[in-house]
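Written out below as structure tokens is the structure these notes cover.
Laboratory data are not the source of any read-out in this text; all were calculated from the coordinates shown. All of these numbers come straight from a predicted model, not from anything done at the bench. Please note: Cβ atoms are built from the backbone with ideal geometry, for glycine as well, and neighbour counts cover all protein chains shown.
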Amino acid sequence: MSKGNNVQLKADVRNEFTRASRRVLRENGGIPGVVYGAGEESIPVAVDFKDTSKLFHTGRSEVFQLDIPGSGKIPVLIKDIQKRRGNVSHVDFLRISMNKPVRVSIGVDFQGTAVGTKSGGILQTQLNAIDVEGLPGDLPSTLEVDVSALEIGDKLTVADIKVPKGITLHASEEEVLASVIVPRAVEAAETENAGTEEANAEETTEES
């Protein structure tokens with residue numbers, strides 16, 4: 001569960017807001033965005049696409065510094081990524097206070113190979129992200145869950161997640177994260193075979 005508070009991203013202040021200016025920005029490898037929150041005035045910014053895309057996965061849960069001329073380094077989270085025709089068109093950066101808890105959605109990282117899959121079972125994941133709350137500096141980048149001990153029929157729930165001190169999970173402890181199930185084809189075949197065996201047994205009983 002790594003933390004990335006030392007990551008920095010440079011940004012420029014946008015002064016033009018026409019559709020043409022945004023198109024030119026994107027054509028030159030940039031993305032328009034805005035910084036808002038914490039009771040401060042919003043700041044329209046432009047950031048480099050390649051540098052920002054590295055944060056699209058972890059930036060939703062990890063605090064990083066957005067370096068803006070005239071405003072200094074501002075701690076932010078990526079709040080929203082807007083797309084148009086499959087391409088990123090705009091990024092919302094949420095300004096946060098390091099001393100106030102924030103609520104974000106963090107991805108679940110399933111680790112290991114479930115032992116039940118070695119005997120024909122299939123690992124089924126049912127929850128890939130969970131809302132958590134805590135101080136920005138304490139937020140983990142992922143929620144790690146070890147599935148290696150799961151046998152066929154076993155399951156892991158939210159209650160099995162180990163979180164750092166000060167972090168609260170906003171989900172029912174009984175909610176299932178992952179389970180190892182019997183493949184439907186195998187299960188159907190076993191049911192069919194069981195039915196055939198019962199029918200044969202009944203015929204044998206009648207004949208006798």
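A few points about this structure:
- Gain on full stretching of the segment that runs from N99 to D154 - 0.36 nm per residue minus C-alpha separation: 15.8 nm
- Sum of side-chain charges, T157 neighbourhood, beta-carbon under 12 Å (Lys, Arg +1; Asp, Glu -1): -4
- Modelled label reach - S42, point 7 Å along Cα→Cβ, the range 60-88 residues with backbone N closer than 13 Å: 80
- Normalising the Debye intensity of the range 5-54 to I(0), with uniform scatterers on Cα atoms only, and taking log10 at q = 0.25, 0.26, 0.28, 0.32 Å⁻¹ returns -0.99, -1.04, -1.11, -1.23.
- Applying the criteria of a DSSP loop state and at most 15 other Cβ atoms within 10 Å to the GluC sites (Glu not before Pro) of the range 124-156 yields E151.
- Quick note on the range 1-142: its Rg to Rh ratio, both from C-alpha atoms and Rh being the Kirkwood radius, is 1.07.
- Across the range 50-125, Cα-Cα distances exceeding 19 Å account for 53% of all pairs.
- Neighbourhood net charge (13 Å Cβ-Cβ; Lys/Arg +1, Asp/Glu -1) for Q111: -3
- Residue-span extension gain [T168 to I122] - 0.36 nm each, minus C-alpha spacing: 13.5 nm
- Gyration tensor (alpha-carbon) shape descriptor, the range 107-152, a/c threshold 1.5: prolate
- Loop-resident trypsin sites (Lys or Arg not before Pro) (DSSP state other than H, G, I, E or B) in the range 69-120 with no more than 11 further Cβ atoms inside 10 Å of their Cβ: R85.
- Summed residue charge, Cβ within 12 Å of Y36's Cβ, Lys/Arg positive, Asp/Glu negative: -2
- Restricting the range 56-143 to chymotrypsin sites (Phe, Trp or Tyr not before Pro) in coil, as DSSP defines it, with at most 12 other Cβ within 10 Å: F56
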